[in-house]
Amino acid sequence: MPAPYTSSVASDDHRRAVDLSGAAVHLFRFNGPLELAYEYFCDIPAVFSLLPDVIEILAYGPNRYRLIVGATDGHGHAMAGYFDIAAVFEPFRAIRITPVDDGPPIDLTGFVFPGQLFAEAIFYPHAHGTDVEYNVELAMTIPVPKVLWFMPGHVLQAIGERAMEHKMSHMIGGFTRAIDADFHAWIGGNG
């Protein structure tokens, strides 16, 4: 389940942005050999496309990807966060995702904001298959819609924390269900 969340108002005078972060850890258990589980996770676009609310994931360089996640702020404003990431592979042991700042110009309209995504999948063989310990951390600065600038900083902070808690739970829960079904369908075609 998600770890504690933090939030702070970036500019209390103008309340134009809220800094948020969240983290979660999940253990996946797959009924398949470590080599196949690792191969499955190496397809970064396919794995990240299983996250709820993903609008797009595109490769823009060797082991470089942009993940675009959509959301609403609960007040009718559509938002999109984008995460430029690099994948680092340690064959049959680990896959690490780190934020990078070398992505192409962003071509989205509306409330669009960058974020940072750290993730790590560590692979462990066991008697009946493979365990994958998956850690993920998100950090982002979210612009506050102008109509909400009148709100006190502590209220914006509370809204941000609740939204981050909901989003992390939603993403991890949806990802867990989707990846389990997808892996077993995938391994059926590769086993």
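Among the candidates Val25, Val54, Val18, Val69, single out the residue that is under 21 Å from Arg93 (Cβ atoms), among the aliphatic types (A, V, I, L, M) and at pLDDT below 95.
Sole residue among the options that is under 21 Å from Arg93 (Cβ atoms), among the aliphatic types (A, V, I, L, M) and at pLDDT below 95: Val25.
Between residues in the range 34-46 that are in contact (Cβ under 8 Å) with a residue 60 or more places away in the chain and residues that are surrounded by fewer than 18 Cβ atoms within 10 Å (Cβ to Cβ) and assigned to a loop (DSSP other than H, G, I, E, B), which pairs lie under 9 Å by C-beta distance while being six or more apart or on different chains?
Listed by first residue and then by second, the contacts come to Leu34/Phe92; Leu36/Gly191; Tyr38/Pro91; Tyr38/Phe92; Tyr38/Arg93.
Does the range 168-181 contain at least one residue that is part of a strand (DSSP E or B), buried (at least 16 other Cβ atoms within 10 Å of the Cβ) and at pLDDT below 80? Steps first, answer last, please.
Step one: filter the range 168-181 for residues part of a strand (DSSP E or B), giving none.
No: the range 168-181 contains no residue that is part of a strand (DSSP E or B), buried (at least 16 other Cβ atoms within 10 Å of the Cβ) and at pLDDT below 80.
Taking the conditions exactly as written (out of contact with any Phe, Trp or Tyr (no Cβ under 7 Å at 6 or more places or on another chain) and at pLDDT below 75), does Val147 satisfy them or not?
Working: out of contact with any Phe, Trp or Tyr (no Cβ under 7 Å at 6 or more places or on another chain): yes; at pLDDT below 75: yes.
Answer is yes for this residue.
Criterion first (hydroxyl-bearing (Ser, Thr, Tyr) and within 24 Å of Phe83 (Cα to Cα)) does Tyr124 satisfy it?
no
Of all residues in the range 145-161, count the ones that are out of contact with any Ser or Thr (no Cβ under 9 Å at 6 or more places or on another chain) and within 27 Å of Val100 (Cα to Cα).
Selection size over the range 145-161: 1.
What's the total number of residues in the range 151-167 that are assigned to a helix (DSSP H, G or I) and open to solvent by 20 Å² or more (accessible area, probe 1.4 Å)?
11
The values are calculated or read from the model by the stated rules, or taken from the named source; none is laboratory data. Please read these numbers as outputs of a predicted model, since none were measured by experiment. FYI the Cβ positions are ideal-geometry reconstructions off the backbone, even for glycines, and counts take in every protein chain you see. Just the protein is used for accessible areas: all its heavy atoms, side chains included, with ligands, DNA and RNA removed. Shrake-Rupley method; radii C 1.70, N 1.55, O 1.52, S 1.80 Å.
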